[in-house]
Amino acid sequence: MSSWDVVILGAGPYGLSAAAHLRAIPGLQTRVFGEPMSFWQQNMPAGMLLRSPWDATHIAAPNGALSLDAYVAARGNHLPAPIPLRRFIDYGRWFQRQVAPDLDTRKIAQVDSNGNGFLVKTEDGEVVHCRRIVVAAGIAAFASRPRVFDGLPFDLASHSSDHSDLNRFSGKRVLVVGGGQSALEGAALLRETGADVEIAVRNPNVHWLGWKGKISKIKPLGRLLYSPRDVGPAGLSQLVARPDYFRKLPRGVQEWTDRRAIRPAGAGWLQHRVTGIKVRTGVHFESALPVAGQLRVTSSDEGIQIFDHVLLATGYRIDIAKYKFLSPRLLDGIDRIGGYPKLKAGLESSVAGLHFLGAPGAWSFGPVLRFVSGTYYAVQALTRRIATAYE
Ligand SMILES: Cc1cc2nc3c(=O)[nH]c(=O)nc-3n(C[C@H](O)[C@H](O)[C@H](O)COP(=O)(O)OP(=O)(O)OC[C@H]3O[C@@H](n4cnc5c(N)ncnc54)[C@H](O)[C@@H]3O)c2cc1C
């Protein structure tokens, strides 16, 4: 059995950023598992544009190397803004080739502790040992669906993360449920592929992000109110960009800040592409039943309607118990709250040597960990912890 100082589980922005940093520690033996940028390739719609702006979309590497600017220089071609999904995936894979050319793309079936670190079992049965494990497995396991749509055939109701190609809905009547970027951009893309779309939002309004662009025209004010990490509204953006301050706030303030920073909203540049699509707000669903190959949906505002498909852009609810690779014994040992692991400095859980990066870190370190721009904080904190432990 091979033995490693650190195994990194995941090859999205967080896992790759961790690889870039940890591999700069002399002598530290690391192994990285995961399919590079798989969530972005398989669980987001082709044609999507990233909501995060340029400065908030660099995957962190030591000394700011491997930024989007470095990628553009290496590729020698222009990268437009907003950044197309296809190009961000290419950036991530380019990053991966620099920092983890030896990436092992096998899925991890199980992680367990063995009293002297962890045993990590691949899908085809190889077991490797490591002293620490960094879980950067993303949010794919956490897709959340309103109960009313549970148990329906996939052809009639699916989650937005189930699709990378929306062309299959061309010519169909589709109801998109949700009021965030995923729902609004999904609806725009659906209409552009020839579907007949409407959007149903639970909240009383749809929020469009526009203020930042206006305020940023007054440069010093823009810089004062918005961090380049670009998570959250004016002012709050600066707090959220500093997870060490966020951690010191009273719990109630942290929760309010998290909710406010990630409330559902659409990017201002998307608004014109949604114009003309029927958007219903304050909608509650009572039932959804298959009838002759279609879905009969009953809602609080329109009563009974028939759709060919309901696309649930209803987000993600973090619950690390849904990471099937965590053995029940290991899971039991992790202090959790509402599905999130409680993390200490270095994003280490209550199980020594078990770290979580990305969205599962948001309860402890705030909403910036839900986005690519959080790699700059999370991975530096992780690296400090691991470097100290190996001194
Ligand atoms: C529609 C949509 C649009 C978004 N747009 C933006 C945006 O514009 N900007 C932004 O900052 N954020 C955006 N996000 C948030 C984005 O998902 C996160 O910022 C980002 O994916 C976090 O990276 P990650 O490395 O934590 O996870 P991921 O990118 O999901 O990577 C997870 C990795 O873990 C691997 N993995 C999982 N399970 C296993 C296993 N059992 N064995 C081996 N490997 C495994 C996967 O193969 C993958 O390599 C968006 C999210 C959605 C849903």
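Against the test of being in contact (Cβ under 8 Å) with a residue 24 or more places away in the chain, part of a helix (DSSP H, G or I) and not charged (D, E, K, R), the options Gln254, Gln238 yield a single qualifying residue, Gln254.
Among the residues of segment 19-45, those identified as within 12 Å of the ligand (Cβ to nearest atom) and small (Gly, Ala, Ser) are Ala19, Gly34, Ser38. Scanning segment 281-328 for residues that are of a type in the set (Gly, Ala, Ser) and open to solvent by less than 30 Å² (accessible area, probe 1.4 Å) yields Ala288, Ser299, Gly303, Ala313, Gly315, Ser327. When segment 6-29 is filtered for residues that are out of contact with any strand residue (DSSP E or B) (no Cβ under 7 Å at 6 or more places or on another chain) and part of a helix (DSSP H, G or I), the ones remaining, listed by number, are Pro13, Tyr14, Leu16, Ser17, Ala20, His21.
With the condition kept exactly as written, say whether any residue in segment 264-271 is at pLDDT below 95, of a type in the set (Gly, Ala, Ser) and surrounded by fewer than 17 Cβ atoms within 10 Å (Cβ to Cβ). Taking every residue of segment 264-271 in turn, at least one turns out to be at pLDDT below 95, of a type in the set (Gly, Ala, Ser) and surrounded by fewer than 17 Cβ atoms within 10 Å (Cβ to Cβ).
When the residues of segment 335-360 are filtered to those that are in a loop (DSSP other than H, G, I, E, B) and within 16 Å of the ligand (Cβ to nearest atom), which remaining residue is surrounded by the most Cβ atoms within 10 Å (Cβ to Cβ)? My answer is Leu357. For segment 11-18, check the following and say yes or no: at least one residue is open to solvent by less than 20 Å² (accessible area, probe 1.4 Å), modelled with pLDDT of 95 or more and away from the ligand (no atom under 11 Å from the Cβ). Scanning segment 11-18 turns up no residue that is open to solvent by less than 20 Å² (accessible area, probe 1.4 Å), modelled with pLDDT of 95 or more and away from the ligand (no atom under 11 Å from the Cβ). Here is the figure for segment 111-153: residues that are more than 16 Å from the ligand (Cβ to nearest atom) and in contact with a helix residue (DSSP H, G or I) (Cβ under 7 Å, 6 or more places away or on another chain) total 2. Quick check, is Ile277 within 30 Å of Glu192 (Cβ to Cβ) and open to solvent by less than 30 Å² (accessible area, probe 1.4 Å)? Judged against the criteria, Ile277 is a match. Of the set (1) within 9 Å of the ligand (Cβ to nearest atom); (2) open to solvent by 20 Å² or more (accessible area, probe 1.4 Å), all apply to Met1 but (1).
The values are calculated or read from the model by the stated rules, or taken from the named source; none is laboratory data. Predicted, not measured: the structure shown is a model, and the values here were computed from it. Please note: Cβ atoms are built from the backbone with ideal geometry, for glycine as well, and neighbour counts cover all protein chains shown. We work out accessible area using only protein heavy atoms, side chains counted, and drop any ligands, DNA or RNA first. Shrake-Rupley method; radii C 1.70, N 1.55, O 1.52, S 1.80 Å.
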